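Below: the structure, in structure tokens.
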Amino acid sequence: MVPVGPGNLRQTDITEVKQGGGGQHGRLQPSTVKLSVVLVLFLSLGKSSAQNPQFAIFYYPTDFGEISFELTDGCPDLNSCVPGFENMTISGICVTGIWIFYSEKNYNSGGYGSAEWMFGVDYCLNSDPDDFEFSSLRHAGRQSNFDANTITLYEFPLFSGNQFLDLADLPEVPMDDVDSIIITGESDWTIYSLPNFIGIERCLETWPGMLVGFFPNLSDLEMNSVRSFREGCFDDEKIQRRSDRHGEVVTERE
């Protein structure tokens, strides 16, 4: 897949949004000052040793029929990455990989807003256009291979704010705040509350066969910070998040 144009955008003439596909979807619905999360995951990503690049396809109706555009990388402001986006009414989305959609620009960098995520292989959603309201988006893990062994740290809960992606052991995390985590691939990851792999430790594991693990709030793991991590499990207990897990988070706008 070759990146084209701003935000790695490609436009095509696909006229029908497919239903189904192997994938999962989770949605967070905000109120005025609250952020609620309901994570609904349906099927597994499935295992593959091949390179599996990530991309998201968006469908919208026009006077000439339904057309689409494709993004292969993150975008902090869709109005800038996609010409005319503010005038589009998105009617469907298909993803391959692990994608997060944010109501606010710059990935909800203010620590508030709604977030919605989808993951799978050719997984698609059709819905009322009013249900698709987002200003920025990005993928988790490696763009070139969504099932590679990776760990991504996020500044705020619900995978918002700054992020840090790595594929190997790290004795000192270069982020002051870490409040949520996504892991991909088949490897476990052990996180530590102090540098150099000491302090409180937690072993994170993807749910069997899913190749992705969502940890939307670090407080659920009874940790206040992540200062180092390494690949593999170095704790007596593994922590998983079931595919049908539901939760709620409240975030106030500053």
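Some points to look at:
- Evaluating residue 163 against the criteria (1) closer than 18 Å to residue 232 by Cβ; (2) outside any loop (DSSP other than H, G, I, E, B); (3) among the polar types (S, T, N, Q) leaves one unmet condition, (1).
- Annotation note: of 193, 187, the sole residue that is in a strand (DSSP E or B) and out of contact with any His (no Cβ under 6 Å at 6 or more places or on another chain) is 193.
- When region 129-142 is filtered for residues that are within 14 Å of the chain's Cα centre (by Cα) and at pLDDT below 90, only 134 remains.
- Check on residue 254, at pLDDT below 90 and surrounded by fewer than 19 Cβ atoms within 10 Å (Cβ to Cβ): yes
- Residue that is surrounded by the fewest Cβ atoms within 10 Å (Cβ to Cβ) [pool: residues in region 77-101 that are assigned to a loop (DSSP other than H, G, I, E, B) and in contact with a strand residue (DSSP E or B) (Cβ under 7 Å, 6 or more places away or on another chain)]: 89
- Subset of region 196-209 [among the hydrophobic types (A, V, I, L, M, F, W, C), outside any strand (DSSP E or B) and out of contact with any Ser or Thr (no Cβ under 6 Å at 6 or more places or on another chain)]: none
- Among the candidates 149, 106, 126, 145, residue that is at pLDDT 90 or above and closer than 27 Å to residue 83 by Cα: 106
- Enumeration of residues in region 102-122 that are surrounded by fewer than 24 Cβ atoms within 10 Å (Cβ to Cβ) and either outside the structural domain of residue 56 (by TED's automatic domain parsing) or among the aromatic types (Phe, Trp, Tyr) (or both): 112
- Some residue of region 210-221 being assigned to a loop (DSSP other than H, G, I, E, B) and either aromatic (Phe, Trp, Tyr) or out of contact with any Leu (no Cβ under 9 Å at 6 or more places or on another chain) (or both): no
The values are calculated or read from the model by the stated rules, or taken from the named source; none is laboratory data. Just so it is clear, the structure is predicted and the values come from calculations on it, not from any experiment. Glycine also receives a Cβ, built like all others from the backbone with ideal geometry; neighbour counts cover every protein chain displayed.
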